[in-house]
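The values are calculated or read from the model by the stated rules, or taken from the named source; none is laboratory data. A quick note: this is a predicted structure, and the numbers were derived from the prediction, not measured. Reconstructed Cβ throughout: ideal geometry from the backbone, glycine too, with neighbour counts over all protein chains shown. When the accessible area is computed, the model is the full protein with side chains, heavy atoms only, and any ligands, DNA or RNA have been set aside. Shrake-Rupley method; radii C 1.70, N 1.55, O 1.52, S 1.80 Å.
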4 protein chains.
Amino acid sequence: MDDDERRRHVYERTHDPSRVLALSDGVFAIVMTLLVLEIHVPELRGGQTLRVALQEVRPSFVAFLISFVVVAISWAGHRDLFAHVRRTDRSLVWLNILYLLPLSILPFGAALISRYQSDPVALTMYGTLLVLMALTRLAMWLYATGRRPHLLYQGMDAQARRYGIAIIASPAVLNLIAVLIAHEMPQASLVIYGTVPVLYFLSILVSRSSVPPELAE
Amino acid sequence: MDDDERRRHVYERTHDPSRVLALSDGVFAIVMTLLVLEIHVPELRGGQTLRVALQEVRPSFVAFLISFVVVAISWAGHRDLFAHVRRTDRSLVWLNILYLLPLSILPFGAALISRYQSDPVALTMYGTLLVLMALTRLAMWLYATGRRPHLLYQGMDAQARRYGIAIIASPAVLNLIAVLIAHEMPQASLVIYGTVPVLYFLSILVSRSSVPPELAE
Amino acid sequence: MDDDERRRHVYERTHDPSRVLALSDGVFAIVMTLLVLEIHVPELRGGQTLRVALQEVRPSFVAFLISFVVVAISWAGHRDLFAHVRRTDRSLVWLNILYLLPLSILPFGAALISRYQSDPVALTMYGTLLVLMALTRLAMWLYATGRRPHLLYQGMDAQARRYGIAIIASPAVLNLIAVLIAHEMPQASLVIYGTVPVLYFLSILVSRSSVPPELAE
Amino acid sequence: MDDDERRRHVYERTHDPSRVLALSDGVFAIVMTLLVLEIHVPELRGGQTLRVALQEVRPSFVAFLISFVVVAISWAGHRDLFAHVRRTDRSLVWLNILYLLPLSILPFGAALISRYQSDPVALTMYGTLLVLMALTRLAMWLYATGRRPHLLYQGMDAQARRYGIAIIASPAVLNLIAVLIAHEMPQASLVIYGTVPVLYFLSILVSRSSVPPELAE
């Protein structure tokens, strides 16, 4: 092995994405699973039945469900991006960590809206976390797909890149609106947080059926 | 590398199951380990000994044991399925996430029957989680093995497919019965939840001894 | 690819150890990290300084340290065994899950001796977990290395096998003694739990220096 | 395969770093995510608004942020080291476990300064953990890069080795100073813990721009 080959080997190893994925999948799995810890088993008060007591846990359950789906969508998006990523440079590694930051705070946000589901401040904080998750994910997408061909397996055409931006930005815009109206219409704000994932799935269905079958195999 | 080859490479990378397995194994490992957090160290009340106090923790311990084995069986079944899966398309990825949903709620279910082990509502919720875990696992099995040869390493014959359905559906039926009788016979319901894993092992033993030795190596 | 080749490929995939290791490493990592959750930040009572209050956390810290090292030793032993394991059959998979069971209960055991560090019942339960971890690990070792050449990369000679048994059984015997004397001499029992890991390291040092240098590279 | 080849295969498998990385990435991911559990959702006291109540959570949030970044930097450093590591011997495995020890205690340290952010004892303990993380990381670096060519993919020149030492030691020295002044100037101590990660990033930026572009690709 000559010097050039050696330098190339070092370069490949130090830019290998595998540990970035291992850390990220770990954080995704833990956040998904920690969320349930915010659903507390209720204590029965004088004469109360468990059925009635569990009604009070309902907001926790709604917060759990929304957050679980948000994390799942983020993970699927992360997987879609990194299916194209061949190498991670220092900037991409740190953009990824930046992206893990709001993600790992999400269990706190979920706990906050579990406890104060109609408080504008709680709804603002939760939505801000969702928007930050989208912004950091967008930064990663823009960096990785933006004229840095050595990071990708192969160049991405402008259309695919814009589609990727749209798929991240659209829910973020809706969540941002939810944040902005949280003080006037807290109920509407919560409804938006819960509706966005549903819309996301519909958009995926539409986008899939528009793909020519011979390409979609 | 020509265009066709490139398209194929992208296709393989975006359908690679490895991150689906990484996320799933993470969730399995965390759920298995979080379950123990529901067994609380008892505080001694006036003159009580630790031995007596630990008796009160027994329901938590039973809930832990049943849930641990349920998660372990689910993991083993997940591993058995994905040993055949060569590629994961978007639907399989989302069926897998759907499957992780009741799994990640299981620690709450276990906490519920730890605290209210003879309450029909608690037993109904716990059993419902078990049935949902089976249904989502069945959906994955049916989707992956159903005339989608590009998802599997090789076609699965009808008998192996039916065997896979039976191994998922049989415990689900028993658990469904336990849910349905929870209000009339809560004690019997809990006994069923604890017995099903034992039956599962017996059925595995039987199914193994019926395999010709030259194939079983 | 002919039928024989296909059957062999299926066989290899269904016996691949990688997911067994992924689940196990996940459980090891989580148990190691959950242990610290049992060290609670003390609340200061009237006029107490933090330094004094932290003294009361000391038993938690001792329980954490012992348990952390116990888990680390178990992981290192698991890694040493699976460095030889080429294939995992159904029995080995379930022996491994059986082994993860006492491991995942260890945080409860650690919490118990944190709270009741001189109570014989707490010390008995903790030690029983340590003994069960050793027994299940021993069962895995005996199964994998016992005349099942298809499970290993290459046969293990009788001496290496006996050495593996000794390295698992010796600490188990000491911990069993600690369990048996817990009611008469609880303090000695705790000392043994803390000393065994130290002895383990010394034995490793001795065993290493007895290896001829050309083999040890 | 002759005997020599066999022995070499065993040697490679028992020295393979993959499970060391799996365990470490698991611990990193869990610690990163557990940190948020120390930010508690506040309970409103008579007439208090959530906005005011959240102010009281601010110290928890600061402790979380500092700790998250500290763990992220440690992970990035661990990844940088192990990009060069081809084989792990028993000493490196145990040095790595030693390094995971203060890391896994960090959530307790973060909880401590969340609750007692101006108490010198809490600040001393937190800083000591940071220094221990640096010392154990330094020990790993010195061991792996110190005249043990069989552990690395290729030899490391003295300059790269010294650079690696500096990048670990410099923040450690600053944190050590923060520990030493914690009793006289607790506020300054906390500021240092928060500033060190920022300085680290600036130093990375400088070090990057000093690399010749043809080498940095």
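Which residues, counting only those in the stretch B:1-49, are under 30 Å from C:Pro107 (Cα atoms) and not in a helix (DSSP H, G or I)? If the condition is that a residue be under 30 Å from C:Pro107 (Cα atoms) and not in a helix (DSSP H, G or I), then B:Ile39, B:His40, B:Val41, B:Pro42, B:Glu43, B:Leu44, B:Arg45, B:Gly46, B:Gly47, B:Gln48, B:Thr49 are the ones that fit.
Here is a yes/no grid of residues against (1) open to solvent by less than 30 Å² (accessible area, probe 1.4 Å); (2) aromatic (Phe, Trp, Tyr); (3) over 30 Å from A:Ile73 (Cβ atoms):
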site: B:Leu123; (1), (2), (3): yes, no, yes
site: B:Pro149; (1), (2), (3): no, no, no
site: B:Met156; (1), (2), (3): no, no, yes
site: B:Ala182; (1), (2), (3): yes, no, yes
site: B:Gln187; (1), (2), (3): no, no, yes
site: B:Ile192; (1), (2), (3): no, no, yes
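Looking at the structure I just gave you, is A:Met133 outside any helix (DSSP H, G or I) and either surrounded by 16 or more Cβ atoms within 10 Å (Cβ to Cβ) or not small (Gly, Ala, Ser) (or both)? In short, no. Return the residue satisfying two criteria in turn: it lies in the stretch B:11-27 and is surrounded by 18 or more Cβ atoms within 10 Å (Cβ to Cβ) and out of contact with any Leu (no Cβ under 6 Å at 6 or more places or on another chain), and of such residues it is modelled with the lowest pLDDT. Per the stated criteria, the residue is B:His15. When A:Leu81 is evaluated against the numbered criteria (1) modelled with pLDDT under 95; (2) open to solvent by 20 Å² or more (accessible area, probe 1.4 Å); (3) assigned to a helix (DSSP H, G or I), which criterion, by number, is the only one it fails? A:Leu81 satisfies every listed condition except (2). For first residues located in the stretch B:1-25 and away from chain C (no Cβ under 14 Å), partners that are open to solvent by less than 30 Å² (accessible area, probe 1.4 Å) and of a type in the set (S, T, N, Q) and lie 6+ apart or on another chain with Cβ distances below 6 Å form the pairs B:His15/B:Thr88. Within 13 Å of another protein chain (Cβ to nearest Cβ), modelled with pLDDT of 95 or more and farther than 23 Å from D:Phe61 by Cβ - does that describe any residue in the stretch D:191-203? No, the stretch D:191-203 contains no residue that is within 13 Å of another protein chain (Cβ to nearest Cβ), modelled with pLDDT of 95 or more and farther than 23 Å from D:Phe61 by Cβ. The residue that is most open to solvent (accessible area, probe 1.4 Å), counting only those in the stretch D:85-121 that are under 30 Å from D:Tyr153 (Cβ atoms) and not in a helix (DSSP H, G or I), is D:Arg86. B:Leu138 passes every criterion in (1) open to solvent by less than 50 Å² (accessible area, probe 1.4 Å); (2) within 14 Å of chain C (Cβ to nearest Cβ) apart from (2). Residue count for the stretch D:146-193 under the criterion of being closer than 20 Å to D:Val206 by Cα and touching a strand residue (DSSP E or B) at 6+ places or on another chain (Cβ under 8 Å): the result is 0. Among the residues that make up the stretch A:160-182, is at least one of them in a loop (DSSP other than H, G, I, E, B) and modelled with pLDDT of 90 or more? Scanning the stretch A:160-182 turns up at least one residue that is in a loop (DSSP other than H, G, I, E, B) and modelled with pLDDT of 90 or more.
For the stretch D:125-152, the tally of residues that are touching a residue at least 60 places away in the same chain (Cβ under 8 Å) and closer than 20 Å to D:Ile181 by Cα stands at 4.
Restricting attention to the stretch D:28-52, and to residues there that are more than 8 Å from every other protein chain (Cβ to nearest Cβ) and surrounded by fewer than 15 Cβ atoms within 10 Å (Cβ to Cβ), which single residue is nearest to D:Leu151 (Cα to Cα)? That would be D:His40. If you take the residues in the stretch B:59-75 that are of a type in the set (Gly, Ala, Ser) and either surrounded by fewer than 20 Cβ atoms within 10 Å (Cβ to Cβ) or more than 14 Å from the chain's Cα centre (by Cα) (or both), which one is farthest from B:Tyr193 (Cα to Cα)? Step by step, filter the stretch B:59-75, then rank; the result is B:Ser60.
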